[in-house]
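> One structure, as structure tokens, below. Some questions next.
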Amino acid sequence: MKPKRSSLQWLTTAVLTYMVLAFAWWAIELWRQNDRLLAASVQVLVQKYRRDSLNLDSDALRETAEYQVLLDRHRRHRRMILSEGIFFTLCLMFGLWVINRAARREVALARQRRNFLLSITHELKSPVAAMRLALETMARRALNREQIEQICSNGMRDAARLQTLVDDLLLAARLEDNWQPQPEPVDVSAVIQDCVANAKVRFPKACVEVEIPANFPPIQADRLGLTSVVQNLLDNALKYSPPDAPVRISVTPLPGRQMRLTVADQGVGIPDAEKSAIFEKFYRIGNEETRQTTGTGLGLYIVSQIVRLHGGSISVCDNYPRGTVFVVEL
Ligand code: ADP
């Protein structure tokens, strides 16, 4: 969603317009004064010739050397007004553009921080409250085996959610702090299976299809980093899809590279206008007050940073007939 113009931006635009108009007015005024100066100087010249008893007509006057000097000065002043006017206007516009851009960034950052605080508060409060309620229920009531199992499984899901949140926060902080991948041979298939098993704790009804060629060779990558990439993409695919919509993860060899990882879902999809912004830190589509899904806006930032630090690339496109496809090339 495109942010609304803030009052600061309106003010900057108003000041910019005023200054450009004021500059234009001064330039026109100087231009006219230059014309008036020429006319006055010509009058003085004519008077001088008359005093010297020379009555020149206008053609003869234009031929005189003194008139040419006045004309040259007039043209020089015109060029000066024009070039300096353009130069100062460009400098002014550039300066105001820089200020405007900084202001826009500041507003976007403040909005993201606010969104982050709102979402993190919610993300921390709800699993803690749910776990507390579960423990209180177990302490107060005599429950049968089946009920205890149900409460434990819900508790594990909440704990897994908290664990993911804490892992994301730590990893985001480390990425800010010059994190570098530690490459080692990694079995991609095993990483994907682990991630699917983790996802099933949080999304018990998840239907995930994995497609990876038999005997796919290990790739050189940071094990934790790669796990985080797969986990975040898979969790998002499940989170932003209806519970019964299947998610497909496939790995294929890529000439000149190690592999291409594709995560395709049949969920809500991502509007074209948002496709590049979703990789920004704390960016979430929509508005925190009205958004239904949980999250912090850190997942895709972490994914894109890890992929970038591995020298790889990530792209996003629409799935057909609906949903999203993320493609990571390492
Ligand atoms: P979040 O914690 O909000 O999921 P992410 O950084 O993982 O943060 O994603 C940023 C935003 O991108 C999400 O808020 C969501 O709107 C959108 N998004 C990410 N993955 C998908 C997907 N598979 N389908 C639809 N929207 C997605």
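> Can you tell me which residues in the range 296-318 are more than 9 Å from the ligand (Cβ to nearest atom) and part of a loop (DSSP other than H, G, I, E, B)?
HIS310, GLY311, GLY312
> Can LEU309 be described as surrounded by 13 or more Cβ atoms within 10 Å (Cβ to Cβ), modelled with pLDDT of 95 or more and within 22 Å of ALA221 (Cβ to Cβ)?
Considered against the rule, which asks whether it is surrounded by 13 or more Cβ atoms within 10 Å (Cβ to Cβ), modelled with pLDDT of 95 or more and within 22 Å of ALA221 (Cβ to Cβ), LEU309 comes out as yes.
> So LYS205 clears everything in (1) of a type in the set (Lys, Arg); (2) loosely packed, with under 14 Cβ neighbours inside 10 Å; (3) within 24 Å of GLY312 (Cβ to Cβ) except one condition, right? Which one?
(3)
> While we're looking at this one, here's another question. Going through ARG284, ARG248 one at a time, which residue ends up being within 13 Å of the ligand (Cβ to nearest atom) and touching a helix residue (DSSP H, G or I) at 6+ places or on another chain (Cβ under 8 Å)?
ARG284
> Right, another one. Determine if the range 253-271 includes at least one residue that is modelled with pLDDT of 95 or more, more than 7 Å from the ligand (Cβ to nearest atom), surrounded by fewer than 17 Cβ atoms within 10 Å (Cβ to Cβ) and within 21 Å of ALA172 (Cβ to Cβ).
No; the residues of the range 253-271 include none that is modelled with pLDDT of 95 or more, more than 7 Å from the ligand (Cβ to nearest atom), surrounded by fewer than 17 Cβ atoms within 10 Å (Cβ to Cβ) and within 21 Å of ALA172 (Cβ to Cβ).
> Turning to a different aspect of this structure: What pairs come up if the first residue lies in the range 18-46 and is more than 29 Å from LEU92 (Cα to Cα), the second is surrounded by 13 or more Cβ atoms within 10 Å (Cβ to Cβ) and polar (S, T, N, Q), and their beta carbons are under 9 Å apart, counting only those six or more places apart or on different chains?
These pairs meet every condition: LEU45/THR64.
> Looking at the range 21-38 only, could you name the residues that are surrounded by 12 or more Cβ atoms within 10 Å (Cβ to Cβ) and among the small types (Gly, Ala, Ser)?
ALA24, ALA27
> Quick check: is even one residue across the range 164-172 surrounded by fewer than 15 Cβ atoms within 10 Å (Cβ to Cβ) and under 27 Å from the mean Cα position of the chain (by Cα)?
yes
Each row is one residue, and each column tells you yes or no for (1) within 15 Å of the ligand (Cβ to nearest atom); (2) not assigned by TED's automatic domain parsing to the domain that holds ASP235.
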site	(1), (2)
VAL107	no, yes
ARG140	no, yes
LEU162	yes, yes
LEU171	yes, yes
VAL188	no, no
ASN198	no, no
PRO204	no, no
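The values are calculated or read from the model by the stated rules, or taken from the named source; none is laboratory data. Bear in mind the structure is a predicted one, so any value in this text is a computation, not a measurement. So basically every Cβ, Gly included, is an ideal-geometry build from the backbone, and we count neighbours across all protein chains shown.
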